[in-house]
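Engineer: Let me give you the structure first, and then I'll get to my questions.
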Amino acid sequence: MAEEAVQDAFTAAVQRWPTTGLPPSPAGWIITTARNRAIDRLRREASRDDRHAQAALLQAANDRVEEGAVRDDRLRLIFTCCHPALATGAQVALTLRLLGGLTTAEIARAFLVPEATMAQRLVRAKGKIRDARIPYRVPNEADLPARLRGVLAVVYLIFNEGYAASSGDRLVRGELCAEAIRLGRLLVQLVPDHAEVLGLLALMLLIESRRAARTTPDGDLVVLADQDRGRWDRDLIAEGQAIVRRCLERNLPGPYQIQAAISAVHSDAADASATDWWQILQLYNQLVSIDPSPVVALNRAVAVAEVEGPDAALTLVDGLELDRYHLFHAIRADLLRRLGRNTEAVKAYETAIARAENASEREFLRRRHQALIGRSVNLPQGG
């Protein structure tokens, strides 16, 4: 009902504002109009006394927009949606759907589950809110710590979807990256001494610093090892590295801080050959001990390949259950290629291509696949 009331309010704004001009408080106008539409609907549809009571309460509410401890509209709504009565995964998925600009399919890919499974999770989360009568209430300052973990996950996944879009023709959705970084900066202002908040901002800044080098002028994907590091944004790198140093001084390591430290090591290297993979592996060892997810283990295997060789890394990769994840098959294909197991590598690339839903990534994998087929054809017998 709230969504429909807001849609009605925006429709009214589109019709009126071109002739009447913007009101002094556009957000306040939208909220007041939407509230009035909701009141009208409750009255029209009222079949029980409590519907009339709800309408009366809404009518009595002060028209002033409630801000609470968080002044930014979107960040305040994210904190509101990340209610601790819901499991963290449900908080994050529901908030991404309602506020993060992501579709159910995109959220499903972020969680590595089928779209139907994610749709059911969203339905169950909404059902729990309804059945448990969880109120829509803007959190006060004392409520923020219990909600911060979910909020950080929401911002992180918005950034991830922006930096490497899970589907579509564009590799990067710049508007999502910019919004996630904006939210990250606001979080640092809100809780400036929280190490993981700092770590998340540093991580986003360091990854964002590479954006210009990630694609060719034609939009083709360029992997980290092949990027022109002269095109990396040195200002973002300097800011991100300074935040990482602040985190190290606190000595309260968490997943975002460790990932930021890994990105900082990459940004220290003048070229790919100068990368300190041993240090990166040590950081991944620390990360996997506190966040033992399959994706973390997969990324750690990439570092293992550089330190201990592709054979050791492949053994680790083959022990993971990530069949739905295209990068699992892409990494496996590359390891097989490096081991000279080209027939298996070709099949792994084909699976990765079938799983990839972003056109830029799919085209990159096709080029790797075709190059490997050509190489296999030109090898002497027994080679």
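Engineer: Among the numbered criteria (1) touching a Phe, Trp or Tyr at 6+ places or on another chain (Cβ under 9 Å); (2) surrounded by fewer than 16 Cβ atoms within 10 Å (Cβ to Cβ), which one does Ala269 miss?
Structural biologist: Going through the list (1) touching a Phe, Trp or Tyr at 6+ places or on another chain (Cβ under 9 Å); (2) surrounded by fewer than 16 Cβ atoms within 10 Å (Cβ to Cβ), Ala269 breaks only (1).
Engineer: For Ala225, are the conditions met, namely being out of contact with any Gly (no Cβ under 9 Å at 6 or more places or on another chain), of a type outside the set (Lys, Arg) and surrounded by 17 or more Cβ atoms within 10 Å (Cβ to Cβ)?
Structural biologist: Values: out of contact with any Gly (no Cβ under 9 Å at 6 or more places or on another chain): yes; of a type outside the set (Lys, Arg): yes; surrounded by 17 or more Cβ atoms within 10 Å (Cβ to Cβ): no.
Spelling it out, it is not the case that Ala225 is out of contact with any Gly (no Cβ under 9 Å at 6 or more places or on another chain), of a type outside the set (Lys, Arg) and surrounded by 17 or more Cβ atoms within 10 Å (Cβ to Cβ).
Engineer: Another one. Among the residues of segment 286-339, which ones are at pLDDT 95 or above, closer than 20 Å to Arg355 by Cβ and of a type in the set (S, T, N, Q)?
Structural biologist: Correct list: Asn299 only.
Engineer: Give the residues of segment 278-298 that are open to solvent by less than 60 Å² (accessible area, probe 1.4 Å) and without any contact (Cβ under 8 Å) to a residue 60 or more places away in the chain, sorted by residue number. Steps first, answer last, please.
Structural biologist: First pass over segment 278-298, keeping only residues open to solvent by less than 60 Å² (accessible area, probe 1.4 Å): 280-281, 283-285, 287-288, 291, 293, 295-298.
The answer is Ile280, Leu281, Leu283, Tyr284, Asn285, Leu287, Val288, Asp291, Ser293, Val296, Ala297, Leu298.
Engineer: Can you go through Leu96, Leu75, Leu102 and tell me which one is crowded, with 16+ Cβ neighbours inside 10 Å, in a loop (DSSP other than H, G, I, E, B), modelled with pLDDT of 85 or more and not small (Gly, Ala, Ser)? Give the derivation first.
Structural biologist: Details: Leu96 fails: in a loop (DSSP other than H, G, I, E, B); Leu75 fails: in a loop (DSSP other than H, G, I, E, B).
Going through Leu96, Leu75, Leu102 in turn, just one is crowded, with 16+ Cβ neighbours inside 10 Å, in a loop (DSSP other than H, G, I, E, B), modelled with pLDDT of 85 or more and not small (Gly, Ala, Ser): Leu102.
Engineer: Restricting to segment 167-192, and then to whatever is without any contact (Cβ under 8 Å) to a residue 24 or more places away in the chain and not in a helix (DSSP H, G or I), can you tell me which residue is most open to solvent (accessible area, probe 1.4 Å)?
Structural biologist: Per the stated criteria, the residue is Pro192.
Engineer: A further question on this structure: List every residue pair whose Cβ atoms lie under 8 Å apart, where the two residues are 6 or more positions apart in sequence or sit on different chains, the first residue falls within segment 355-383 and is modelled with pLDDT of 90 or more, and the second residue, located anywhere, is surrounded by fewer than 14 Cβ atoms within 10 Å (Cβ to Cβ) and hydrophobic (A, V, I, L, M, F, W, C).
Structural biologist: Every condition considered, the pairs that remain are Phe364/Val223.
Engineer: Okay, next question. Could you tell me how many of the residues in segment 105-125 are surrounded by 15 or more Cβ atoms within 10 Å (Cβ to Cβ) and of a type in the set (Asp, Glu)?
Structural biologist: Total satisfying the criteria: 1.
Engineer: Would you confirm, using the coordinates I've provided, whether Ile134 is assigned to a helix (DSSP H, G or I), hydrophobic (A, V, I, L, M, F, W, C), modelled with pLDDT under 90 and farther than 23 Å from Ser293 by Cβ? Spell out how you get there, then give the answer.
Structural biologist: Working: assigned to a helix (DSSP H, G or I): no; hydrophobic (A, V, I, L, M, F, W, C): yes; modelled with pLDDT under 90: yes; farther than 23 Å from Ser293 by Cβ: yes.
Judged against the criteria, Ile134 is not a match.
Engineer: Continuing with the same structure: Restricting the first residue to segment 312-331 and requiring it to be over 18 Å from Thr117 (Cα atoms) and open to solvent by less than 50 Å² (accessible area, probe 1.4 Å), which pairs with a second residue that is modelled with pLDDT of 95 or more and β-branched (Val, Ile, Thr) meet a Cβ separation below 6 Å and a spacing of at least six or different chains?
Structural biologist: Ala312/Val304; Ala313/Val304; His329/Thr351
Engineer: Just to be sure, is Asp235 modelled with pLDDT under 95, more than 16 Å from the chain's Cα centre (by Cα) and exposed (fewer than 14 other Cβ atoms within 10 Å of the Cβ)? Full working, then the answer.
Structural biologist: Values: modelled with pLDDT under 95: no; more than 16 Å from the chain's Cα centre (by Cα): yes; exposed (fewer than 14 other Cβ atoms within 10 Å of the Cβ): yes.
Against the criterion (modelled with pLDDT under 95, more than 16 Å from the chain's Cα centre (by Cα) and exposed (fewer than 14 other Cβ atoms within 10 Å of the Cβ)), Asp235 does not qualify.
Engineer: Let me ask something else. With respect to Ala202, is the statement that it is assigned to a helix (DSSP H, G or I), in contact with a helix residue (DSSP H, G or I) (Cβ under 9 Å, 6 or more places away or on another chain), open to solvent by 10 Å² or more (accessible area, probe 1.4 Å) and not acidic (Asp, Glu) true?
Structural biologist: Details: assigned to a helix (DSSP H, G or I): yes; in contact with a helix residue (DSSP H, G or I) (Cβ under 9 Å, 6 or more places away or on another chain): yes; open to solvent by 10 Å² or more (accessible area, probe 1.4 Å): no; not acidic (Asp, Glu): yes.
Criteria not met by Ala202.
Engineer: Filter segment 236-265 for residues that are of a type in the set (Val, Ile, Thr) and touching a residue at least 60 places away in the same chain (Cβ under 8 Å) and give the result.
Structural biologist: Going residue by residue through segment 236-265, those that are of a type in the set (Val, Ile, Thr) are 237, 243-244, 258, 262, 265.
Hits for segment 236-265: nothing passes.
Engineer: For segment 114-173, name all the residues that are in contact with a strand residue (DSSP E or B) (Cβ under 7 Å, 6 or more places away or on another chain) and of a type in the set (Gly, Ala, Ser).
Structural biologist: Those that are in contact with a strand residue (DSSP E or B) (Cβ under 7 Å, 6 or more places away or on another chain) and of a type in the set (Gly, Ala, Ser): Ala165, Ser166, Ser167, Gly168.
Engineer: Could you go through segment 212-224 and let me know if any residue there is of a type in the set (Lys, Arg) and over 21 Å from the mean Cα position of the chain (by Cα).
Structural biologist: Initial filter on segment 212-224 (of a type in the set (Lys, Arg)): 214.
Imposing the further condition that a residue be over 21 Å from the mean Cα position of the chain (by Cα) reduces the set to none.
Looking for residues that are of a type in the set (Lys, Arg) and over 21 Å from the mean Cα position of the chain (by Cα), one finds none in segment 212-224, hence no.
Engineer: Sticking with this structure for a sec: What is the one condition in (1) among the aliphatic types (A, V, I, L, M); (2) open to solvent by less than 20 Å² (accessible area, probe 1.4 Å); (3) in contact with a Phe, Trp or Tyr (Cβ under 7 Å, 6 or more places away or on another chain) that Ile207 does not satisfy?
Structural biologist: Here Ile207 clears every test but (2).
Engineer: Take the residues in segment 126-152 that are more than 24 Å from Leu200 (Cα to Cα), of a type in the set (Lys, Arg) and out of contact with any Leu (no Cβ under 9 Å at 6 or more places or on another chain); name whichever of them is surrounded by the most Cβ atoms within 10 Å (Cβ to Cβ).
Structural biologist: Arg137
Engineer: Let me ask something additional. Only one of these conditions is not met by Ala164: (1) closer than 21 Å to Ala213 by Cα; (2) modelled with pLDDT of 85 or more; (3) exposed (fewer than 15 other Cβ atoms within 10 Å of the Cβ). Which number is it?
Structural biologist: Every condition holds for Ala164 apart from (3).
The values are calculated or read from the model by the stated rules, or taken from the named source; none is laboratory data. Note that the structure is predicted; figures quoted are calculated from it, not measured. For neighbour counting, all protein chains shown are included, and Cβ atoms are generated from backbone atoms with ideal geometry for every residue, glycine included. Please note that ligands, DNA and RNA were not included when accessible areas were found on the heavy atoms of the full protein model with its side chains. Shrake-Rupley method; radii C 1.70, N 1.55, O 1.52, S 1.80 Å.
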